[in-house]
Amino acid sequence: MTTNFFLTDIFPVLLKHQMKSHSISLRTIIKDTDLIEDKISGTADKLKKNFITVCFTFLIMTSSCWSQKTTNATNILYFELGGNNIFYSINYEKEVTNNLNLRLGISIMPITEFTNTGKRSNSKFIGTIMSNYFIHISKNNYLELGGGLSYGLETWFPAVTFGYRYNPDNEGIIWKLSFTPLLNDEIFSILPWFGIAVGIKF
């Protein structure tokens with residue numbers, strides 16, 4: 001008698017109450033997840049806007065520095081394999097003086113994402129803005145020291161370069177070999193990386 005009463009009357013009530021509690025918890029989790037996604041999306045949008053602002057400032061600076069360079073060839077366009085943008089980059093540089101220039105590099109990095117429905121191919125933008133200082137060794141031969149910031153995977157990270165550059169005074173071919181360690185948020189977390197580049201000066 002007692003067992004039948006529990007199964008027919010009490011157990012359904014307990015089961016209904018338990019399901020209702022789980023339903024409320026599930027709605028709360030979904031709501032919190034949506035809030036987190038909105039915050040991440042908002043942060044990514046802000047970072048992208050900041051990078052665009054930095055690039056715009058870079059263009060203004062290069063334009064205002066045009067008259068400070070004594071030679072006619074002050075523009076450099078080159079392709080780099082490896083380097084600060086990890087896989088490759090297309091770069092534009094503006095020479096400010098004989099020993100200093102400003103650099104803007106961009107690339108699209110292929111990414112494979114794994115989801116509940118399987119894997120899919122995606123791509124991520126990477127941009128680098130930095131300043132390079134040159135130490136003259138001999139005719140057209142320089143040591144290159146550079147520092148700046150890179151933006152990629154929805155975050156900013158330091159960009160540095162040390163290397164050799166062949167850089168003619170006027171129009172011609174430029175090329176360089178660089179040590180470009182990849183740095184993350186932890187200053188002591190360094191991945192050795194290298195780059196090789198070739199391009200034109202005009």
Subject >> Cα pair distances of the stretch 65-201 binned at 10 Å [whole percent] >> reply: 12, 42, 29, 13, 4, 1
Original post:
Once you wrap a convex hull around the alpha carbon atoms of the stretch 148-202, what is its projected area averaged over all directions, in nm²?
Top reply: 4.7 nm²
**OP:** Would you work out the relative contact order for the stretch 65-201, in percent, from Cα pairs under 8 angstrom that are 6 or more residues apart?
**Re:** 22 percent
Subject >> Nitroxide proxy distance, nm - points 7 Å out along Cα→Cβ at H136 and F87 >> reply: 4.0 nm
**OP:** Using a 10 Å cut-off on Cβ atoms, rank the peptides 85-98, 113-126, 157-170, 189-202 from the highest mean neighbour count down.
**Re:** 85-98, 157-170, 189-202, 113-126
**OP:** Calculate I(q)/I(0) for the stretch 94-144 by the Debye formula, one identical point scatterer on each C-alpha and no solvent, and give its log10 at q = 0.13, 0.16, 0.22, 0.27 Å⁻¹ to two decimals.
**Re:** -0.53, -0.63, -0.83, -0.98
Original post:
Number of Lys-Lys pairs in the stretch 65-201 under 24 Å by Cα, sequence gap 8 or more or different chains?
Top reply: 10
Original post:
Using the count of nearby Cβ atoms within 10 Å as a rough guide to exposure, how do M130, M109 rank from fewest to most?
Top reply: M109, M130
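Since every read-out is calculated from the coordinates, none of them should be taken as a lab result. None of these values were measured; they are calculated from a predicted model. Quick reminder, even Gly has a Cβ in these numbers, built from the backbone with ideal geometry, and neighbours come from all protein chains shown.
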